[in-house]
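Novice: The structure that follows is given in the form of structure tokens.
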Amino acid sequence: MKQFIAITALFFAFSFTTKAQSVYYSTRAYSGNWNSYSQQYSWGSPNYTDIRFTMQGNMVMVGNRANDNFNCGTQYINRYDSDGSHVYGWYATDKDGVSCTFKIIKNNDGSQWFQVLYNNIAFSYFVPAN
């Protein structure tokens, strides 16, 4: 009986100390290059994917071949655009310590875009509505 109580106590302690996580799956990925003339990213053709994004606290873990992860820090944007989408953005660092920004764009239809933006290259991932 003591063993059962100890296991139950460990389970509850673990349950209350872990942070909630959210999991999303991307079906399309795009890469883009910074265009200094237009002052925006030029996006390439889509690659069809099945990439898992796990968000836990300020960490974003990407289930791609490189096992990327991003540590999001200070939020720099939280706005609604004229089309009704909600845009969030954070200053972040990747697993190699390189600075970037991580954005989430939530569309009215429930779909989302996850974007990782570096100085001259960017990646955009489409997450369909459930």
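Novice: With the Cα gyration tensor of the range 23-130 giving a ≥ b ≥ c as the square roots of its eigenvalues, does the rule (a/c under 1.5 for rounded; else a/b larger than b/c for prolate; else oblate) give rounded, prolate or oblate?
Specialist: Verdict is rounded for the range 23-130.
Novice: Given a cut-off of under 8 Å on Cα pairs at least six residues apart, what relative contact order in percent is computed for the range 44-130?
Specialist: It comes to 16 percent, rounded to a whole number.
Novice: For the pair ARG79/TYR37, report the inter-label distance in nm, with labels modelled 7 Å from Cα in the Cβ direction.
Specialist: A separation of 2.7 nm, rounded to one decimal place.
Novice: Next question. In deg cm²/dmol and to the nearest 500, what is the mean residue ellipticity at 222 nm of the chain if only DSSP H runs of at least 4 residues count, each as -39500 (n - 2.57), divided by the residue total? Don't skip to the answer; put the middle values down first.
Specialist: On the way: 1 runs with 16 residues, N = 130.
So the helix-based figure for the chain works out to -4000 deg cm²/dmol.
Novice: Within 13 Å, Cβ to Cβ, of TRP113, how many net charges do the neighbouring residues add up to if Lys/Arg are +1 and Asp/Glu are -1?
Specialist: That works out to 0.
Novice: Taking 41 Å as R0, compute the FRET efficiency from the Cβ-Cβ separation of ASN108 and ASN67 and round it to 0.05.
Specialist: Once rounded, the FRET efficiency stands at 0.80.
Novice: With +1 assigned to the C-beta of every Lys and Arg and -1 to the C-beta of every Asp and Glu, and no other charges, what is the dipole magnitude of the chain about the Cα centre in debye, to the nearest 20? Intermediate results must be reported in sequence, preceding the final value.
Specialist: Details: 9 positive and 7 negative charges, 73 e Å.
About 340 debye.
Novice: So what does the Cα-only Debye profile of the range 18-64 read at q = 0.19, 0.20, 0.26, 0.30 Å⁻¹, as log10 I(q)/I(0), no solvent term?
Specialist: -0.73, -0.76, -0.88, -0.99
Novice: With a 1.4 Å probe and every protein chain kept in, tell me what percent of the accessible surface of the chain is carbon plus sulfur.
Specialist: 53
The values are calculated or read from the model by the stated rules, or taken from the named source; none is laboratory data. Keep in mind that what you see is a predicted model, and the values were worked out from it rather than measured. Cβ: placed from backbone, ideal geometry, glycine included. Neighbour counts: every protein chain shown. Please note that ligands, DNA and RNA were not included when accessible areas were found on the heavy atoms of the full protein model with its side chains. Shrake-Rupley method; radii C 1.70, N 1.55, O 1.52, S 1.80 Å.
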